[in-house]
Each structure stands twice: as C-alpha cells, then as structure tokens.
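First up is the structure itself, then whatever we jot down about it.
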Amino acid sequence: MENNPVIFEVKNLVKKYAKVHAVNGASAAIKKGEAVFIVGPSGSGKSTFLRCLNKLEHPTSGEILFHGKKVSDNPRAENHFRENVGMVFQHFNLFPHLTIKENITLAPIQTKRLTKAEASAVADELLARIGLADKADAYPLQLSGGQKQRVAIIRALAMKPEVILFDEPTSALDPEMVGEVLSLMNDLAKEGMTMIVVTHEIGFACEVADRIIFMDNGKIIEEGSPVDVTKNSQNPRVRDFFQKILNV
Amino acid sequence: MNIKLILGTLCITALTVFGNVSKAVNVEEAQTKTLRMVTEATFPPYEYRENGRIIGIDPDVVREIARRNGYALVIEDMPFNSIIAAVQSGKADIAASGITITEDRKKIVNFSDPYITAGQSIIISKNSTIKSAADLKGKRIGVQSGTTGDIYVAENIGEPERFDNAALVCAAISSGRLDAGVVDTAPAKEFVKRSEDIKMLPEPLTSEEYAFAINKNRTDLLEMINTTLVEMKDEGLIKHIVAKHEKNVTKDTEEIKETGFWADFKDDFHTNFVDDDRYLYLLNGFVKTIEISAGAVVLGIMIGFLVAVIRSAADQTGKLKIANLICKFYLTVIRGTPVVVQLLIIYFVIFGSVDINKVVIAIIAFGLNSGAYVAEIIRSGIMSIDKGQLEAGRSLGLSYPKTMILIILPQAFKNVLPALGNEFIVLLKETSISGYIALEDLTKGGDIIRGQTYNAFVPLMAVAIIYLTVVIFLSKLLTLLEKRLKRNE
Ligand SMILES: Nc1ncnc2c1ncn2[C@@H]1O[C@H](COP(=O)(O)OP(=O)(O)O)[C@@H](O)[C@H]1O
Ligand SMILES: [Mg+2]
C-alpha cells in the first residue's frame, strides 16, 4: 500500500457557498487500494469534500489532481472522468422508472464502456453475487432499503471504476439492514477496491479503514490509522467527538 | 445530443416547411390571376350559403367583374369586423359584404363606386311597443359588430349589444334577450319573412350606399372594378342579380308545419342537419378542429419540451443564459396575452402578406400558445424530480442531456401526464376561436348552420355534444395511458 500510486491529490481545497465555507482549505492524498474513511460532526464539510472529488461540485479554489493531472472543466472530459469515479448516495438514488437490471446496465451501455451483451452479463454476475438475481426485473420500489443500497453499490461497480465514493451509505437504513450493506463494503475493501467513505459507523470504520480523516469546520484536523485517530489524538475536538460517540 | 443542435435543426425544419408552402401558393398564383374576395356569408340576399357554397348579390357581382377581366375568383368567409382588416393587410384583394361607405373606413381602404343604395332598419318582436326610432332610447338594441348600424346606434342612441352576425341579432330578439335590432334593410326583410316572432318597422333608420372595399395600394383594381360596374349597371345586370337573389331567398319559406315537441324536434333536426346536407358543415368542421388540435399538440409538445429543458438546464448548470432569456420572454408574452389576440396577430401581422394555408397558421398559433403552458407543466415536472436523480446520473458518467432524456424526463413526464392531458383538452376547446380567421372549424360550422336556419339551439347543442364526446374519449385514453405507465412501479 505504501508504494501504491496516488489516485487523488487534493491541495488546499476551498468550497464556499453564499454564506458558509463548507470546505475551508483541505489537503489530502488517496492511494490506489486504500479504504479512507472521513468522519466528523455534522455540517463539517464531509459531503462537500466528497462531492468536489467527482466534480458534482466545483471548488471555489484549490486543486484536485487525478493521477497527477487536473481534470479539465470541459463537460466531455468531466463525464469521462466520472466514469472512473463511482458514487453511492445516502438515499440510494436508484432510477425508479427502470428495472433493477436496467439501473445497472444503463450507464455502462450509454457511455459505451460495455456492449449490451457485456453489460447484461456483468449485471447478472453482480446481482448473483449479492443474492438478488431474482430481482433483476423488479422495480426499485419493490426492494427493501438494504437491497436498494446494495443494488446502488453494484450499479457503481458495473462501470468498473477505479474508486468509489460513499456518502453515508447506511444513514437512511433501518438498523437491521445496515449489516448487509456494511458486509458488502467490507468485501469490496478486502478485494482492494479504492474507497472513500463518509460515515458515522465508527466501529465499522475502525475495522475496515486503512486511514481515517477527521473533518471539523471545513478543515481536516486529524488524520491517521484508526487507532491513532480514535484513541490517541492530541486534538481536544477529536477526543471529545469520539468520547461522546464511544460512550453512547 | 446537443440542445443547441436540436434548436437549430428545429428552426431550419420550420423555415423550410413554411418556405415551401408559401412558394407553392405563389407559383399557382403566377399561372392564373386570382381575385381574393372576403365576405361574411350570413347576410342574405347579399351573401349567404346554399348547399355549402357562398352565393348572393355580392359574390355574383364580383364574380362577373372577375370574369370580364380574366380573373379567377376565390371567396373566403370571415367575421364582418375582420374583413376590412383583411383587405388592409393584403390578405384579400376585395371585401364585398354589403359594406357601407363611411369616413373612418375610407381612411384605411379605397371604396369602389356604390353599386346599391340600402339602409338600416329596425327589427322588433311581434308584440313590441316600439313604434319608431324615437322609442329606442334606453332599450336593449342589438347590432352586427362593426356594421354601420353599430356605428349609428352607438353615436345616436346608446351602446348597442354587438353580435357576430345579423342572424344572431334576430335570434336574440325572438328569444326576448333584446328589445330591438338594427340591421341592413335587405337582409332584415328576409329575417322577418322567416321568423314568426319578429317584424320590421316600415320607416328605415338610415339610408346609405354599399360599395366594395379595396386595398389602398391596388388602384389598378379600383379602376378596373369601377369601369366594369358602370358597364353592368348600364346593361341592367345589377338590378337583375338583386332581383334574382331576393326571390331565391324567399322561395322556400312557406312550409306546412306539424306541431308538438317530437314533431318540432324532428323538423328542427331535418332543417339543421339534413336539408342541403348541412351536417357536412359539422363533419368538415370537426375534421378541421381535429387537424388543428392534433398539429398544435405536436408543435406544443416540441416547443414545451425544448423550453422546459432549456429553462431547467439554465437553472441547474448556469449555462444557456441567452436561450433562457429568450424562453422567459416567450413565456411571459404568450401567457400574458389572450390566445384570440395571438391568433389574430399571427394571421394578420406576422403572416399578413404571406399566403399560407390557414390550418397551418392555426396550428402555429395554437402550438405556440400551448407550448408555453406545456413548458411550464414539464418544468414543474422536472423540478418535482429529486435532485439525487440528476446527481446519480451524472456520477455514473452520463452527460447532462443524456441524464435529462433517459432519467429525468421520463419520470417528469409521468408525473405531469394528468396536467398535460388537461392542457390538451383545454387546447382542443380553445381552437373554437378559429372562426376569427375564417377557418371553418366545428364551432364555425355550427355558426354557419345557425346563420342559415335561424335556429340557435339545435346547432349549438350538436356542436357542444361533439366537443363533449371528444373530450370524454380523450380523458379515457389518458386514464389508460396513466395506468400503463404506473404499472412499472
Ligand atoms: N448546496 C449548498 N448550498 C449552501 N450551503 C451548503 C450547500 N451544501 C452544503 N452547505 C453547507 O455547507 C456546510 C457543510 O455541509 P456538508 O458538506 O453537507 O457537511 P457534512 O456532510 O459534513 O454534514 C454546511 O453548513 C451546509 O449547510
Ligand atoms: Mg453529509
């Protein structure tokens, strides 16, 4: 891992909305195969940071390098770049008017990453993997929350991206469904998928993360191994945060 | 797909289509000289319909003038208050509709020498207490909008109630909605003969002269018409034509009538639909109404989608600023003005000097109008779709247009289908104003029958029932479509 190439390099990222600095000077580097977890209080800029990475938001200032190069703002270049950066959302965002299988094959076919036949085979394989082969022709409304989120994850996977961004993937789930989603994410991490995950599941983060980044007020104020960040931080804000969470 | 590209293609297609249409018409004109006459054909014996054809004193006189000078005659039927404008704007060469010469009209068109002396007479109900013009003050007086009767009453007696044609004035007197009507003497005589409920005061209200109205720039036509009129008067031909039509109009008024509700109804039905194949007015009108509505729906959807997508894209991406501004302007203008006014502007001003099929003009007018409402409906549909859908599409590498077309629009369309269906039903009913530009749609078909039979109830009911049937059928169709789309979920 140490010697793996850097996929994302973020330099002094700032994202300002009308009144707030959502991200206020954050720098980080993410290496291939890493599972990096971003934690911190609500409103600290985690989602904004993540959404800047795949250019859903355009930074106010600062730089984001992908494989050492800046991604052009030209729409075509941006679209092509996003094919390589999957994203999983808190509210799944499956397409309700398409079947589960169509949800998975739409983007690979439309972006010409896969032919129709290839996309279909990939979808079948991924659905079998998560045990939902029988739901291929169902519509999202017929699935449980946990099933929806797992489909959303394999929808991202079908594009064969280099990295997947997760924005609180389990926050909208009923407690009994959190496990199935985390277990799929754990599998992906073990297979060496590069993942950047915003989550409040600290236990899971400690188990799976190669590195935890702690954000507060738009800034990265602590960064390191799970143990270093959650147990040994010198920063009172960080210590306070984990103390509250772990004591609950 | 690129939005600018779609916009461009649409414009070019529109230009070529309309360009070709107007070219085709021009070629035809070059081969045979045509004289385009406008009239309101509900004014017997001057102009009226028989077996669907427009006939009468004016058509006969003008046809003879055309024949003697080597022109083919084309006659168009439109509301009286539009015909002077049609001549002024060059839509027609000559208006011949029992037009009285007045100073105001002289300012905008040229008049031929008068060919007939006529006047305005007062029509009242059989048991009215009105004895002379002096009794008219303060009474409810009906006139045909834009006629000299209208002008005279407004200036000398009081504000009249204005109707589209003289037949309606008489119908309103019969039914007691008016105390009196002021109508040109010759047609007044005919109406009185045909109805048992009304009579005419012997003393005419005014005396005046009828002449043809001709476009100010066509002095060649003016000279030609005046010369031929002198010839025809000398030959006694005009007198002959007048006598022929006065006789023609009176001939079939004496009929033996049964009584009783059912017999009356059968009789009315026969008169309004079977005699002279009058049902054809409704049938042909219905076909026109459907043609106009269908064309306008297609155009409206195309414009609506385009405008809605441009507006939403501008809101979501901050691009397309100028296109967005144009769209906003379009929406404001269309939604801020009545559709009748838009139709008239498109007919008289925008296509004023171009000869295009009027159905096409109506489709453009109603399509442009509907497009604005469709655009806002679809935009509300787009806004009703969760932002996460757009983000999910974009995060998978789909372009903005692809996300729009494949993900947002299908869902938006499904959400707004009831509102869209409603808009199309409104549109269908709105096309009933097509008569303003002399299009014989369903409503106008009913008007024509009423103008001939002096029966307001039966043709109106028939027209209403036809609209209602179509609307019920459309609603059913929409419900089915909605159910089909909902099956997915
Ligand atoms: N689209 C937006 N417009 C304005 N303010 C925003 C927007 N998105 C986020 N913010 C603000 O930016 C700050 C950081 O938000 P976010 O990145 O969502 O935090 P987190 O994901 O850590 O909870 C918050 O104060 C939030 O209100
Ligand atoms: Mg967040």
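If you stretched the chain out fully between residue B:126 and residue B:383, how much longer would it get, using 0.36 nm times the residue separation minus the C-alpha to C-alpha distance?
86.2 nm
Non-local amide H neighbours of residue B:92 (under 5 Å, H modeled in plane, Pro and chain starts lacking H): which ones?
Placed amide hydrogens put B:87 under 5 Å from residue B:92.
Going by C-beta contacts inside 10 Å, put B:414, B:137, B:216 in order with the fewest on the left.
Listed from fewest to most nearby Cβ atoms, that is B:137, B:216, B:414.
What nm value, rounded to one decimal, do you get for the distance between residue B:473 and residue B:33 when each label is placed 7 Å out toward the C-beta?
Each label point lies 7 Å from its Cα, and together they span 4.7 nm.
Using only the alpha-carbon atoms, how far is helix A:100-110 inclined from the longest principal axis of chain A? Give it as 0 to 90 degrees, nearest 10.
80 degrees
Run the numbers for residue A:191 and residue A:4: contour at 0.36 nm per residue of separation, minus the present Cα-Cα distance, in nm.
Numbers: separation 187, 0.36 × 187 = 67.32 nm, distance 1.50 nm.
So the chain would gain 65.8 nm between residue A:191 and residue A:4.
Read phi for every residue in the stretch A:191-205 and hand back ³J(HN,Hα) as whole Hz from Karplus 6.51 cos²θ - 1.76 cosθ + 1.60, θ = phi - 60°, with x for Gly and Pro.
Rounded to whole hertz, the list is 6, x, 5, 6, 9, 10, 10, 8, 7, 9, 7, 5, x, 4, 4.
Skipping prolines and chain starts, which residues have an amide H placed within reach, meaning under 5 Å, of the one on residue A:166, given they are 5 or more residues away or on another chain?
Under 5 Å from the amide H of residue A:166: A:88, A:196, A:197, A:198.
Roughly how far apart, in whole Å, are the Cα centres of the stretch A:174-221 and the stretch A:125-173?
Using only Cα atoms, the two centres lie 17 Å from each other.
So what is the relative contact order for chain B, in percent, with contacts set as C-alpha pairs under 8 Å and at least six apart? Intermediate results must be reported in sequence, preceding the final value.
Working: 719 pairs, mean separation 87.5, N = 489.
This gives 18 percent for chain B.
For the stretch B:117-208, give the share of DSSP beta bridges that are antiparallel, in percent and rounded to the nearest 5; count only bridges with both residues there. Walk me through the numbers on the way to the answer.
Working: 11 of 17 bridges.
Taking every DSSP beta bridge within the stretch B:117-208, about 65 percent pair in antiparallel fashion.
Looking only at chain B, where both bridge partners belong to it, what percent of the DSSP beta bridges are antiparallel (to the nearest 5)?
Here the antiparallel bridges make up roughly 60 percent for chain B.
May I ask you to derive the FRET efficiency for residue B:283 and residue B:455 from their Cβ-Cβ distance with R0 = 22 Å, giving the value to the nearest 0.05?
That pair, residue B:283 with residue B:455, gives E of 0.75.
Within straight cross-link reach of residue A:231, meaning Cα distance under 16 Å, which aspartates and glutamates are found once same-chain residues fewer than 8 apart are removed?
A:201, A:207, A:210, A:222, A:223, A:240
Fewest first, what order do B:366, A:241 take by the number of other Cβ atoms within 10 Å?
Arranged by neighbour count, lowest to highest, B:366, A:241 become A:241, B:366.
Might you report the magnitude of the Cβ-based charge dipole of the stretch B:219-360 about its Cα centre, with Lys and Arg at +1 and Asp and Glu at -1, to the nearest 20 debye?
1320 debye
Contour minus end-to-end for residue B:315 and residue B:481, with contour as 0.36 nm per residue of separation and end-to-end as the Cα-Cα distance?
In short, 56.7 nm is gained.
Output the peptides B:190-197, B:302-309 sorted from most to least packed, where packing is the average of other Cβ atoms within 10 Å over each peptide's residues.
The densest-packed peptide leads the list: B:302-309, B:190-197.
For residue B:196 paired with residue A:217, estimate the spin-label separation in nm (one decimal), with each label point 7 Å from Cα along the Cα-to-Cβ line.
Computed distance between label sites residue B:196 and residue A:217 equals 9.9 nm.
State to the nearest 20 debye the size of the charge dipole of chain B about its Cα centre, where the only charges are +1 on K and R beta carbons and -1 on D and E beta carbons.
The dipole magnitude comes to about 2360 debye.
Between the stretch B:377-397 and the stretch B:276-324, what is the C-alpha centre distance in whole Å?
Computed from Cα coordinates, the inter-centre distance equals 24 Å.
Check which residues have an amide H placed less than 5 Å from residue A:29's amide H, if you skip close sequence neighbours.
A:10
As a check on your grasp of the helix formula, calculate [θ] at 222 nm for chain B: sum -39500 (n - 2.57) over DSSP H runs of n ≥ 4, divide by the residue count, round to the nearest 500. Numbers along the way, then the final one.
Details: 19 runs with 288 residues, N = 489.
After summing the helix terms and dividing by residue count, I get -19500 deg cm²/dmol.
Just to be sure I understand the model, the point goes 7 Å from the Cα along the line to the Cβ. What's the resulting residue B:102 to residue B:175 distance in nm?
2.6 nm
I'd like the orientation of helix B:3-31 relative to chain B: the angle between its Cα long axis and the longest Cα principal axis, in ° from 0 to 90, rounded to 10.
30 degrees
Pull up the cross-link candidates among the lysines for residue B:328, meaning alpha carbon to alpha carbon under 21 Å and not fewer than 8 places away within one chain.
B:4, B:319
Can you give me the angle between helix A:116-129 and the longest principal axis of chain A, using Cα atoms only, in degrees from 0 to 90, rounded to the nearest 10?
With rounding to tens, the tilt is 60 degrees.
Tell me what chain A gives for mean residue ellipticity at 222 nm when only DSSP H runs of n ≥ 4 count, each as -39,500 (n - 2.57), the sum divided by the residue total, rounded to 500 deg cm²/dmol.
Result for chain A: -11500 deg cm²/dmol, rounded to the nearest 500.
For chain A, calculate the relative contact order in percent as a whole number, restricting contacts to Cα pairs under 8 Å that are 6 or more residues apart.
26 percent
Which pairs break 19 Å Cα to Cα here: A:116/B:402; B:106/B:444; A:16/B:402?
Cα-Cα > 19 Å for B:106/B:444; A:16/B:402; rest within.
Select from the stretch A:76-110 those GluC sites (Glu not before Pro) which occupy a DSSP coil region and have at most 13 other Cβ atoms within 10 Å, ordered by residue number.
Values: sites: A:78, A:83, A:102; in loops: none.
Taking the stretch A:76-110 and a limit of 13 other Cβ atoms within 10 Å, no loop GluC sites (Glu not before Pro) are found.
Neighbouring Cβ atoms within 10 Å as the yardstick, rank A:155, A:237 fewest first.
Exposure proxy ranking, most exposed first: A:237, A:155.
GNM on chain A, C-alpha springs below 10 Å: top fluctuator among A:93, A:24, A:74?
A:74
Values in this text are rule-based calculations from the coordinates and carry no lab data. Computed from a predicted structure; not experimentally measured. Because the Cβ atoms are built from the backbone with ideal geometry, glycine has one as well, and the counts that use them run over all protein chains shown.
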